[in-house]
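Read the figures in this text as sums done on the coordinates, not as results from a lab. Computed from a predicted model, the values in this text were never measured in an experiment. Here the Cβ positions follow ideal geometry from the backbone for every residue, glycine too, while neighbour counts run over all protein chains shown.
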Amino acid sequence: MGQSWFAWNGIDCRAMGITLAGPVAIVRPEERVEHVTIPGRAGELTLLEGDDIYQSYIQTAELQVRGGFRVREIYNWLKGAGEVIFHGEPDRKQKARIIGAVTLDKHSRNLDIWTGNVQFYCEPFKEKLITETVTVTSSGASVRNNGDVTSKPKLTVTASGTTVKVKSGGKELTITGATSSTVYTVDCDSHTVTHLSSGTLVNDTKLTSGEWPQLLPGANSVTGSGWSSIVIDRRERFL
């Protein structure tokens, strides 16, 4: 069995002289629910807050460091927010924040081994390390979301008219007053539309109406008008 590891903000823990006492668990996050007690009714009524709403959770990595000369360097590295990758799912990353104190204690006088742990407060969804895009050039093209939950894609839309319509996952967005041949970036997560003009980023969000397109798990039909092509960053998300 290979050595367990994690990577924090692009740096492998092994490059910092850290080994792990054991693997970090693979976690499926908990749905965010409310349990309601109704007088006269046995049990409880479980109410979901919404579709694909899950709780963040804590992952703990048990650290072992040989030699105390790197302790301060490790402290300065293991802080703040960023992205973490764990050994059990090396092709997935997730957003996280380091919480609590990071303490390394000398475990052995002779071998000079320091031990401790670090806690990552992880957001529930994981993403692929490598961004995958697909290009559609006609209305009705099929785009597949291989993730576990609905994704909020980023669309790079080349306009062919003054009114651009894009629909996916039952939600349609309209951009009015568009300029033909202009390339618009539609971020369905941050709910923004922008384009570059002479090197300057222009915010076009005020030109939009409707709902932000989404990609449901499985096959999706991307339809619309007023565009010649759309490059779709699917932003697939996994539990």
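A compact table of results
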quantity	calculated
Residue that is surrounded by the most Cβ atoms within 10 Å (Cβ to Cβ) [pool: residues in region 167-185 that are in a strand (DSSP E or B) and not hydrophobic (A, V, I, L, M, F, W, C)]	168
Residue match in region 119-132 (condition: over 17 Å from the mean Cα position of the chain (by Cα) and within 23 Å of residue 9 (Cα to Cα))	yes
Residues located in region 96-154, provided they are more than 19 Å from residue 217 (Cβ to Cβ) and β-branched (Val, Ile, Thr)	98, 99, 102, 103, 113, 115, 118, 130, 135, 137
Unique residue being over 17 Å from residue 119 (Cα atoms) and either surrounded by 10 or more Cβ atoms within 10 Å (Cβ to Cβ) or of a type in the set (A, V, I, L, M, F, W, C) (or both) when the list is 11, 38, 74, 18	38
Residues (free of Cβ contacts under 8 Å to residues at least 40 places away in the same chain and more than 11 Å from residue 63 (Cα to Cα)) located in region 11-37	12, 15, 30, 31, 32, 33, 34, 35, 36, 37
Residues of region 186-203 satisfying the condition of being assigned to a strand (DSSP E or B) and small (Gly, Ala, Ser)	197
Lone unmet requirement of (1) touching a residue at least 24 places away in the same chain (Cβ under 8 Å); (2) under 30 Å from residue 229 (Cα atoms) for residue 124	(2)
Subset of region 128-151 [of a type in the set (Gly, Ala, Ser) and part of a strand (DSSP E or B)]	141, 142, 151
